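**Q** Structure provided below as structure tokens; questions to follow.
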Amino acid sequence: MSLAPPEIRTYFITTVTASRRRLFQAECNALLLMDHLQEQRIKRRMEIHAFVVMPEHVHPLLTPAVDISLEKAMQFIKGGFSFRLKSKMDVWERSYDSRRIMDAERFQPRVQYIHQNPVEELLVTDAEMYPHSSVGRNEIVDPIPRHFAG
């Protein structure tokens, strides 16, 4: 397995719940996923730079650890969350969409998109009102990747 160099290993992800079920409309499920994302950061499996947990999909902006592929990072997120949820139903669609972020000019617009997603979906009128995202909560996300800063 060949891993890309760190400067091209930051990704904007979209992953959807099975059958677009509004799984994260339930506060306990959204909080469980947010806790699980933090656990992945603490275990240093990935850096998570921004995220939003929408009722039926999730957008993390992440950089996998040097020795972890994107596929493995997503397995940690999706598989680990499914295990913690202990649902008898499918939790996620099998696939996910990933967009490689190549530079700082593409990084900031993705952060904005993630944070504005609940506003665009008419869930709130101000992004900071949405409780299941990283907007305004720097303590739960990692800074811009070093290879984009400066």
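Taken together, the values in this text are just the output of simple stated rules run on the coordinates, not laboratory data. Predicted, not measured: the structure shown is a model, and the values here were computed from it. Cβ: placed from backbone, ideal geometry, glycine included. Neighbour counts: every protein chain shown.
**Q** Do we find a residue being surrounded by fewer than 20 Cβ atoms within 10 Å (Cβ to Cβ), of a type in the set (Lys, Arg) and over 14 Å from the mean Cα position of the chain (by Cα) anywhere in the range 95-112?
**A** Yes, the range 95-112 contains at least one residue that is surrounded by fewer than 20 Cβ atoms within 10 Å (Cβ to Cβ), of a type in the set (Lys, Arg) and over 14 Å from the mean Cα position of the chain (by Cα).
**Q** So in the range 93-107, with the set limited to residues that are in a helix (DSSP H, G or I) and touching a residue at least 12 places away in the same chain (Cβ under 8 Å), which one is nearest to residue 21 (Cα to Cα)? Steps first, please.
**A** Here is the first cut: in the range 93-107, the ones in a helix (DSSP H, G or I) are 104-107.
Still in the list and also touching a residue at least 12 places away in the same chain (Cβ under 8 Å): 104, 107.
On the way: 104: 34, 107: 29 Å.
Per the stated criteria, the residue is 107.
**Q** What about residue 24, is it part of a helix (DSSP H, G or I), of a type in the set (Phe, Trp, Tyr), touching a residue at least 24 places away in the same chain (Cβ under 8 Å) and within 17 Å of residue 121 (Cβ to Cβ)?
**A** Details: part of a helix (DSSP H, G or I): yes; of a type in the set (Phe, Trp, Tyr): yes; touching a residue at least 24 places away in the same chain (Cβ under 8 Å): yes; within 17 Å of residue 121 (Cβ to Cβ): yes.
When the stated conditions are applied, residue 24 passes them.
**Q** Now for a separate question. Can you give me the number of residues within the range 44-74 that are in a loop (DSSP other than H, G, I, E, B) and either of a type in the set (S, T, N, Q) or free of Cβ contacts under 8 Å to residues at least 12 places away in the same chain (or both)? Steps first, answer last, please.
**A** So in the range 44-74, the residues in a loop (DSSP other than H, G, I, E, B) come out as 44-45, 54-56, 65-69.
Filter again for either of a type in the set (S, T, N, Q) or free of Cβ contacts under 8 Å to residues at least 12 places away in the same chain (or both), leaving 69.
Residues flagged as in a loop (DSSP other than H, G, I, E, B) and either of a type in the set (S, T, N, Q) or free of Cβ contacts under 8 Å to residues at least 12 places away in the same chain (or both) within the range 44-74 amount to 1.
**Q** Take the conditions assigned to a loop (DSSP other than H, G, I, E, B), closer than 18 Å to residue 25 by Cβ and of a type outside the set (D, E, K, R) and apply them to residue 124. Does it pass?
**A** Considered against the rule, which asks whether it is assigned to a loop (DSSP other than H, G, I, E, B), closer than 18 Å to residue 25 by Cβ and of a type outside the set (D, E, K, R), residue 124 comes out as yes.
**Q** Looking for whichever is touching a residue at least 40 places away in the same chain (Cβ under 8 Å), surrounded by 15 or more Cβ atoms within 10 Å (Cβ to Cβ), part of a loop (DSSP other than H, G, I, E, B) and not charged (D, E, K, R) here; the options are 118, 145. Which one fits?
**A** Matching residue, one of 118, 145: 145.
**Q** How many of the residues making up the range 127-136 are surrounded by 13 or more Cβ atoms within 10 Å (Cβ to Cβ) and either assigned to a loop (DSSP other than H, G, I, E, B) or touching a residue at least 60 places away in the same chain (Cβ under 8 Å) (or both)?
**A** 6
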